[in-house]
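> Okay, handing you the structure first.
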Amino acid sequence: MPCCRACGAELTHTLIDLGEQPVSNAFLPAGSAAAEPRFPLKVMVCGECLLAQAVHDIPADALFDENYAYFSSYSDSWLAHARAYAQAMTERFGLDATSRVVEVASNDGYLLQNFVAAGIPVLGVEPTANTAKAAIAKGVATHIGFFSKATAELLVARGIRADLMAANNVLAHVPDIVDFASGFAVLLKPQGVATFEFPHLLNLIAECQFDTIYHEHYSYLSLAAVEKIFGFAGLRVFDVEELPTHGGSLRVYACAVDADRETTANVAAMRAREAAAGLDSLAGHAGLGAAAEAARRGFLAFLETARTEGAKVAAYGAAAKGNTFLNYCAVTADDISLVADRSAAKQGKLLPGSRIPVVSPDALREARPDYVVILPWNLREEIASDLAFIRDWGGRFVVAIPGTGIF
């Protein structure tokens with residue numbers, strides 16, 4: 001039996017099994033006919049610490065390398081979120097030129113550039129060299145490498161300690177989650193604060209967000225599980241906020257266990273909300289597989305109707321979540337002719353598995369599809385606004401999560 005990544009207990013409860021799929025960000029060269037490796041995409045839940053986790057054993061350095069295709073700065077709404085975060089944290093914690101902000105998984109500097117502009121010293125830690133180089137070009141000092149307890153100890157030996165550490169959408173991306181969290185306890189100053197943002201497991205289950213499951217996500221997180229993991233690592237949660245990002249996320253505020261920070265009422269309220277949803281036991285981790293199958297049937301029915309009508313279907317957003325969904329549905333380029341994306345790093349390549357070609361958004365004007373499927377449904381308003389020109393020829397948008405809808 002597989003064992004829990006956090007506490008070592010045997011895993012016996014399956015949340016969902018999406019079959020064998022290629023790695024979601026392993027884009028293919030145009031014209032490639034090479035066979036792709038596929039790996040199990042199955043999530044199980046620990047009965048002891050309640051951590052929902054993928055049970056594959058793909059090493060992190062095979063997923064996050066110099067060819068990593070995701071650059072944070074291609075989403076305007078995410079850049080706005082980063083600006084708002086920088087301002088809020090600066091005001092709440094009194095950050096200034098004597099402080100230091102460290103972001104783990106700093107990508108292309110999308111967040112830290114705001115602190116740099118305010119004259120606050122920063123350091124990014126980023127394992128993918130291509131995105132790190134983009135950050136460095138923006139003036140964001142960056143340590144290229146994976147973050148761990150050993151990395152934190154190395155930085156402390158170099159005289160670096162943090163007043164604020166940010167970890168946006170990375171806690172789920174690490175195979176050894178306890179070691180990762182332990183690094184924050186090492187690198188923080190005695191009264192320092194670490195914030196972690198991650199999609200909330202409660203919403204994943206309640207709203208059938210199964211396409212957020214892919215190999216890069218080793219864990220799927222609730223506050224209940226995070227508090228236990230942080231306890232193993234020497235951290236304490238003292239506040240939590242709900243965010244609209246990624247279909248509903250949590251921002252957890254943590255500090256050293258002995259730090260002088262009062263725990264807010266928000267923590268007890270979220271514990272109670274998760275308990276009401278059943279997430280304090282295995283019983284609440286059920287029903288996702290059936291909901292995913294219903295979503296698949298609904299989308300395939302839409303494609304069949306479009307085919308019968310002779311309608312052209314394209315997609316927008318070559319996102320990892322879209323690849324999970326398309327491969328779960330066994331969709332190919334015969335069903336969806338192209339997917340448009342703003343990222344130059346993805347254009348000219350093929351989606352993994354489905355092998356749908358990735359093109360620039362301008363190509364949609366030439367293709368004039370009848371339907372554009374918005375794969376990153378969490379950005380549907382932003383994308384529909386950017387692509388409003390498809391209405392000129394009667395084009396319509398489609399989302400498939402939690403069920404197929406046309407607008």
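> Please work out how much length the chain gains when fully extended from Asp260 to Ala97, using 0.36 nm per residue of separation minus the C-alpha to C-alpha distance, in nm with one decimal.
Using 0.36 nm per residue and subtracting the Cα-Cα distance, I get 56.4 nm.
> Please arrange Thr308, Thr404 by accessible surface area, largest first, computed with a 1.4 Å probe and ligands excluded.
Thr308, Thr404
> By accessible area of protein heavy atoms, probe 1.4 Å, what ranking do Ser337, Ser106 get, highest first?
Ser337, Ser106
> On to the next question. Express in nm, to one decimal, how much length is gained between Ser281 and Thr332 on full extension, taking 0.36 nm for each residue of separation and deducting their alpha carbon distance.
14.5 nm
> If each residue of separation counts as 0.36 nm, what is the full-extension length gain between Ala118 and Asp76 once their alpha-carbon separation is subtracted?
13.1 nm
> Would you mind checking which residues have amide H under 5 Å from Leu51's amide H? H placed 1.01 Å from N; only 5 or more apart, or other chain.
Amide H to amide H, under 5 Å and 5 or more residues apart or across chains, Leu51 pairs with Cys46.
> Translational D (Stokes-Einstein, µm²/s) of the chain at 37 °C and 0.692 mPa s when Rh comes from the Kirkwood sum over C-alpha pairs?
Roughly 150 µm²/s, to the nearest whole number.
> Quick one, can you get me the convex hull of the C-alpha atoms of region 342-407 expressed as volume per residue in Å³?
Dividing the Cα hull volume of region 342-407 by its residues yields 102 Å³.
> Where both residues lie in the chain, what percent of DSSP beta bridges are antiparallel, nearest 5?
Antiparallel: roughly 55 percent of the beta bridges in the chain.
> Here is a further query. So which lysines can Lys189 reach, going by Cα to Cα under 18 Å and dropping same-chain residues fewer than 8 places off?
Cα-Cα hits under 18 Å: Lys149.
> Answer rounded, prolate or oblate for region 1-141, using the Cα gyration tensor with square roots of eigenvalues a ≥ b ≥ c: rounded when a/c is under 1.5, else prolate when a/b is larger than b/c, else oblate.
Oblate shape, in that a/c is at least 1.5 and b/c is the bigger or equal ratio.
> What relative contact order, as a whole-number percentage, does the chain give when Cα pairs under 8 Å and 6 or more residues apart are counted?
It comes to 15 percent, rounded to a whole number.
> Next question. Measuring with a 1.4 Å probe in the full set of protein chains, what accessible area per residue, in whole Å², belongs to the chain?
Normalised by residue count, the accessible surface of the chain is 39 Å².
> Compute the orientation-averaged projected area for region 119-270 from the convex hull of its Cα atoms and round it to one decimal in nm².
Mean shadow area of the hull around the Cα atoms is 9.7 nm².
> While we're looking at this one, here's another question. Heads up, I need the accessible area for Phe232: 1.4 angstrom probe, whole protein in place, Å², nearest 10.
Per-residue accessible area (Phe232): approximately 110 Å².
> Another question, if that's okay. For a quick check: with amide H placed at 1.01 Å from N, whose amide H comes under 5 Å from Leu15's, ignoring anything fewer than 5 positions away on the same chain?
Val43, Met44, Val45
> Under a point spin-label approximation (7 Å from Cα along Cα-to-Cβ), what is the Glu10-Arg83 distance to one decimal in nm?
About 5.4 nm, to one decimal.
> If you project the alpha carbons of region 229-286 onto the principal axes, what extent comes out on each, in Å, largest first?
Cα extents, longest axis first: 37, 25, 20 Å.
> How high is the relative contact order of region 213-333, given as a whole-number percent (alpha carbon pairs under 8 Å, six or more residues apart)?
Relative contact order for region 213-333 comes out at 22 percent.
> Moving to a separate point now. Rg (Å, one decimal) plus Dmax (Å, integer) for the alpha carbons of region 266-318?
When restricted to Cα atoms, region 266-318 yields Rg and Dmax of 18.8, 54 Å.
> Something else about it: Would you work out what percent of the accessible area of the chain, with all protein chains in place, is carbon or sulfur (probe 1.4 Å)?
53
> Hey, rough spin-label estimate for Glu20 and Arg158, points 7 angstrom out along Cα→Cβ, what's it come to in nanometres?
The two pseudo-label positions are separated by 4.2 nm.
> Moving to a separate point now. Can you compute the radius of gyration and Dmax for region 288-378, using only the Cα atoms, both in Å?
12.7, 39
> If ligands, DNA and RNA are left out, what is the accessible area of Asp176 with a 1.4 Å probe, given in Å² to the nearest 10?
My reading of the accessible area for Asp176 is about 80 Å².
> Do the sum for the chain: with -39,500 (n - 2.57) for every DSSP H run of n ≥ 4, divided by all residues, what is the mean residue ellipticity at 222 nm, to the nearest 500 deg cm²/dmol?
Value at 222 nm, helices only: -9500 deg cm²/dmol.
> Among the lysines, select those whose C-alpha is under 29 Å from the C-alpha of Lys349, and discard any that sit fewer than 8 residues away in the same chain.
Lys42, Lys133, Lys138, Lys312, Lys321
The values are calculated or read from the model by the stated rules, or taken from the named source; none is laboratory data. Quantities reported herein were computed from a predicted structural model and do not represent experimental measurements. Positions of Cβ are generated from backbone atoms using ideal geometry, with glycine treated the same way; all protein chains shown enter the neighbour counts. For the accessible areas, the whole protein counts, side chains as well, though only heavy atoms, and no ligand, DNA or RNA atoms are used. Shrake-Rupley method; radii C 1.70, N 1.55, O 1.52, S 1.80 Å.
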